[in-house]
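Here is the structure we will look at.
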Amino acid sequence: MPRPPDSAPREPRFPPALVALMGAVFVNLVGFGLVVPLLPFFAQALDAAPWQITLMFSAYSLGQLFAEPFWGRLSDRIGRKPVLIVTTAANAIGYLALAFAPDIWWAIGIRLFTGLGAGNISTVQGYVADVTPPEQRAERMGMIGAAFGLGFIVGPALGGVLADDTLGRAGYQLPLFVAAGLAVAASLGVVAFLKESRVRTGPPPSPLAAFDFATGDPVISRVLLVTLIYMAAFSGMESTFGLWADSRYDWGAREVGWTFAVVGVVSVLFQGFLTGKLARRFGEARVLAFGMVLFGSSLLAQTLNPLAILTPVIMAFGATGMALAMPNISAMISRATPGDRQGAVLGLNMATGSLARIVGPLVAGATFSGLGHDVPFWTGAVLVLPAALVALNAGRVLKRQRRDAATAQAEPVLVT
């Protein structure tokens, strides 16, 4: 039966603007995924101690702590596209400089600069929120997460092939050069194919006003706490996994790279095809809480696992928890935030995650060196349990807010 001529055309599931954004994110994340699993071994080639290796991870997150709110607010004001161009270009500079770092302290400083220039995740999420109705945001945030995950399939595998640990520091320069080239390609892709999504409505609120709004909102404040706890647990695992696998199974950069590629495969499958459907069926908060529990269980299982061959399998279960968590965190925050504050509040969420990425690796490095290689995993497993409870509580508050808003709209207006 033909559609009536006055009916509105159905919006495509993936608008061209979103497809272009996913492409840019994927190319950029291939470079990021290529480098991150190799960083512990690159640092060891610079004669770095375990605490210096984790400090290098924390330095990047320290840069993001300040950069995410700044770039998010700036994207609210001048638009998402120019911010994405600048930050992807900054990635390229950071990778290129790291390839020539003469010692670990230069490497730490370069990672700090790269974090300052590359804090654009909140801008990406703000773009998605600009072009997506609220009820579809968990699904489309999941698609962006799938682009991240796809980057973590190609990136670590490519890094494992390109790296040559027999050459010392020089053996890691080629992967860094390739990562820099990919970041340049992402920046050029944004210039050529991405359309601006932000309608400029005046200057955004000040950082203090955005902080007051977020911490005063009963939903956003709880979700920020979930981000803080979860990311501390995740970053502690991420920053010590290469050292843990080396000490336990005598693994090198190749094995670690392929294991992180497994994380990417699972992230693509779940975030691309299942996370949005599960969120619509069970609600964002319940899916988020389940993801927390699944991730924490995987950390505990790794320490009890006696077989190296099962490590990627257990990592896949942990990746499933991560794939369920992150899109729903962003979706819940986006639902509770006015349109003109999306970039600022999502940036504050990413800054919270960056704060966790500072503390998490530092604590993990200290406990790894002083208490044993399994302790960072045990710590992470304990942390995510209260995060799951906070997520469920935030979901109840959000549900009550929606019900109250619907009731208020339904009440008749008395005219005197």
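Within the range 102-124, the residues that satisfy the criterion of being buried (at least 20 other Cβ atoms within 10 Å of the Cβ) and assigned to a loop (DSSP other than H, G, I, E, B) are ALA118, GLY119, ASN120.
Out of the residues in the range 189-213 that are of a type in the set (A, V, I, L, M), in a helix (DSSP H, G or I) and within 22 Å of the chain's Cα centre (by Cα), state the one that is modelled with the lowest pLDDT. Please lay out each step first, then the result.
Kept after step one, since they are of a type in the set (A, V, I, L, M), are these residues of the range 189-213: 190-192, 194, 199, 208-210.
Checking which are in a helix (DSSP H, G or I) leaves us with 190-192, 208-210.
With the extra rule that they be within 22 Å of the chain's Cα centre (by Cα), the set shrinks to 190, 210.
Details: VAL190: 86, ALA210: 69.
In this case the residue turns out to be ALA210.
When restricted to residues that are within 16 Å of LEU55 (Cα to Cα) and either small (Gly, Ala, Ser) or surrounded by fewer than 20 Cβ atoms within 10 Å (Cβ to Cβ) (or both), the range 234-262 contains 4.
Among residues of the range 389-416 that are at pLDDT 65 or above, those with a beta-carbon under 8 Å from a residue that is among the basic types (Lys, Arg) at least six positions away or on a different chain give the pairs VAL390/ARG222; ALA391/ARG222; LEU392/ARG286; ASN393/ARG222; ALA394/ARG222; GLY395/ARG286; VAL397/ARG222; LEU398/ARG335.
So, in the range 323-374, of the ones that are under 30 Å from PHE273 (Cβ atoms) and over 16 Å from the mean Cα position of the chain (by Cα), which residue ends up surrounded by the most Cβ atoms within 10 Å (Cβ to Cβ)? Taking the candidates together, the pick is GLN342. Answer yes or no as to whether ALA24 is modelled with pLDDT under 85, in contact with a helix residue (DSSP H, G or I) (Cβ under 7 Å, 6 or more places away or on another chain), outside any loop (DSSP other than H, G, I, E, B) and surrounded by fewer than 20 Cβ atoms within 10 Å (Cβ to Cβ). Answer is no for this residue. Within the range 40-59, if we keep just the residues that are in a helix (DSSP H, G or I) and farther than 16 Å from ALA364 by Cα, the residue that is farthest from the chain's Cα centre (by Cα) turns out to be ALA45. Filtered by the rule that a residue be crowded, with 19+ Cβ neighbours inside 10 Å and of a type in the set (Phe, Trp, Tyr), the range 375-407 gives a lone residue, PHE377. Inspection of the range 370-388 finds no residue satisfying the criterion of being hydroxyl-bearing (Ser, Thr, Tyr), under 20 Å from VAL36 (Cβ atoms) and in contact (Cβ under 8 Å) with a residue 12 or more places away in the chain. Of everything listed in (1) small (Gly, Ala, Ser); (2) farther than 28 Å from PRO175 by Cα; (3) modelled with pLDDT under 80, the single unmet condition for ALA118 is (2).
Scanning the range 101-133 for residues that are of a type in the set (D, E, K, R) and under 30 Å from ARG77 (Cα atoms) yields ARG111, ASP130.
The values are calculated or read from the model by the stated rules, or taken from the named source; none is laboratory data. Since this is a predicted model, take the numbers as computed values, not measurements. Glycine gets a Cβ as well: all are built from the backbone with ideal geometry, and neighbour counts include every protein chain shown.
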